1. Rounding to the nearest 20 debye, state how big the charge dipole of region B:1-128 is about its Cα centre with +1 on each Lys and Arg Cβ and -1 on each Asp and Glu Cβ.
2. A 25 angstrom limit on the alpha carbon distance is what I want to check against. Which of B:K155/B:K202; A:K9/A:K62; B:K71/B:K155; B:K30/B:K71; B:K99/B:K202 exceed it?
3. So what is the calculated 222 nm ellipticity per residue for chain A, using -39500 (n - 2.57) for each DSSP H run with n of 4 or more, over all residues, to the nearest 500 deg cm²/dmol?
4. For the interface of chains A and B, what total accessible area is buried with a 1.4 Å probe, rounded to the nearest 100 Å²?
5. Compute the Rg/Rh shape ratio of chain B: radius of gyration over Kirkwood radius, all on alpha-carbon atoms.
6. Put +1 on the Cβ of every Lys and Arg and -1 on every Asp and Glu Cβ in the protein assembly as shown; which of B:L165, A:T40, A:F51 then has its Cα farthest towards the positive end of the dipole?
7. Report the residue, chosen from B:T112, B:T93, B:T231, that carries the largest GNM mean-square fluctuation when chain B is represented by alpha-carbon nodes joined by springs under 10 Å.
8. Could you report region B:84-146's accessible area per residue, 1.4 Å probe, as an integer in Å²?
Amino acid sequence: MSDIEQRVKKIVSEQLGANEADVKNESSFVDDLGADSLDTVELVMALEEEFDCEIPDEEAEKITTVQQAIDYVNANLK
Amino acid sequence: MLEGQIALVTGASRGIGAAIASELAKQGAKVIGTATTDSGAEQISQALAGVGGLGLALDVNDPAQVESVLKAIADQFGEVSVLVNNAGITRDTLLMRMKDADWDAVISTNLTSVYRMSQAVLRPMMKARSGRIINISSVVGHMGNAGQTNYAAAKAGMAGFTRSLAAEVGSRGITVNCIAPGFIDTDMTRELPENVREELLKRVPMNRFGDVGDIAAAVVFLASSSASYITGETLHVNGGMYMA
């Protein structure tokens, strides 16, 4: 598992109160991990802090699974 | 009662806002009060000097100033845990005579500022899983008053904003409430003609105008942990002038 993947999964599990084992790449925040709309906003905030960036709202809306979050971080940050 | 809290009160140089700021400070909160002018801010600093509070200049209509003031507070004191949206103006006139500027100024200063300030403090409150947003509305927003369509619309708007935001952030331990003062003896109400004041007083069962301290006490209550299960509510403080 890449470093970014690990960090994203850790944040997802912390924010959504899910076991790290349950946080799979294909997991959907809402459908699989029980997030509500406010949870997803907070999750984006946490990702922004972890990776020291700002994720525009129109991009944030498209991040609905763990893999999409990993992809976004990989594509936009270094 | 409020030790460890960091309270931000807008429009704190005089009237109800000044009383709220000093009472919150008396209860142990670190209080930052804002005013539109530097002299107003200086006045607040002097009033709060004994308790380590501070006055800052802030035009609540200016998003850039809102951001810089909140950053200054966070750097110096920490994140705001109690926000009191008190800043407000009147531009009273009958609707038949009202100008766009009268309408826009009141909606912007009294209502849009509540949106802007609340949004600005929300992120740290969400992270802290606690916070208090207290909006000072008015009895006029509930009963209406000739000559104040703009003011009443802004104040009624605050109540709807309050209920909606309360629904959004209740799960994060943040409460959002309004306090609706009735006829309080301040500079704003002293501007009214004497006959109008007398007529208004006839409608107050307690038979007196309210004191700014009556409002400040209600703010302290809603800011305290005693009020942690009250949210989306309007607390009327009006001597019985209007009973919701």
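1. That gives a dipole near 240 debye.
2. Numbers: B:K155/B:K202 23 Å; A:K9/A:K62 17 Å; B:K71/B:K155 28 Å; B:K30/B:K71 16 Å; B:K99/B:K202 31 Å.
Exceeds cut-off: B:K71/B:K155; B:K99/B:K202.
3. After summing the helix terms and dividing by the residues of chain A, the value is -16500 deg cm²/dmol.
4. Values: alone 4860 and 11630 Å², together 15800 Å².
It comes to approximately 700 Å² buried between A and B.
5. We get a ratio of 0.95 for chain B.
6. Going by the charge dipole, the pick is B:L165.
7. Maximum fluctuation in the GNM of chain B, among the listed residues, is at B:T93.
8. Working: 2970 Å² over 63 residues.
So region B:84-146 comes to 47 Å² accessible per residue, rounded to a whole number.
The values are calculated or read from the model by the stated rules, or taken from the named source; none is laboratory data. All values derive from a computational prediction rather than experimental measurement. Glycine gets a Cβ as well: all are built from the backbone with ideal geometry, and neighbour counts include every protein chain shown. In case anyone asks, the SASA skips ligands and DNA or RNA and just uses the protein heavy atoms, side chains included. Shrake-Rupley method; radii C 1.70, N 1.55, O 1.52, S 1.80 Å.
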